[in-house]
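The values are calculated or read from the model by the stated rules, or taken from the named source; none is laboratory data. No experiment lies behind these values; they were computed from the predicted model shown. Cβ placement follows ideal geometry from the backbone for every residue including glycine, while neighbour counts extend to all protein chains displayed. These accessible areas exclude ligands, DNA and RNA; they are computed on the full protein's heavy atoms, side chains included. Shrake-Rupley method; radii C 1.70, N 1.55, O 1.52, S 1.80 Å.
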Amino acid sequence: QNINEYVATLIALKQKMIDGDRLLTEYQQKCTDILYFSIKISALRCQVEQMLQKILPLEKCQEELGSLRAELEEKKVCL
């Protein structure tokens, strides 16, 4: 009976090792996914920052254009 208990214990231990390996593999995959998405998010943040840097001068130009249009309208009315 001791041999049967020993074999049963070894089988249970082997199953726990298999389960542990599977969980470790899943964990490593999730860590890899997190790293991949962190890199993607960082790249997207850089792109957003670059777009904002391009948009700000355009907004300023648009304001200046609005002022110039207003001036031209005033001069047009005067003429």
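Some notes on this structure:
- Residue check for K76: open to solvent by 90 Å² or more (accessible area, probe 1.4 Å) and either modelled with pLDDT under 95 or in contact with an Asp or Glu (Cβ under 7 Å, 6 or more places away or on another chain) (or both): yes
- Residue check: I18 meets all listed conditions (1) modelled with pLDDT of 95 or more; (2) open to solvent by 100 Å² or more (accessible area, probe 1.4 Å); (3) within 40 Å of the chain's Cα centre (by Cα) but one, namely (2).
- For region 57-67, a residue qualifies if it is aliphatic (A, V, I, L, M) and surrounded by 10 or more Cβ atoms within 10 Å (Cβ to Cβ), and exactly one does: L65.
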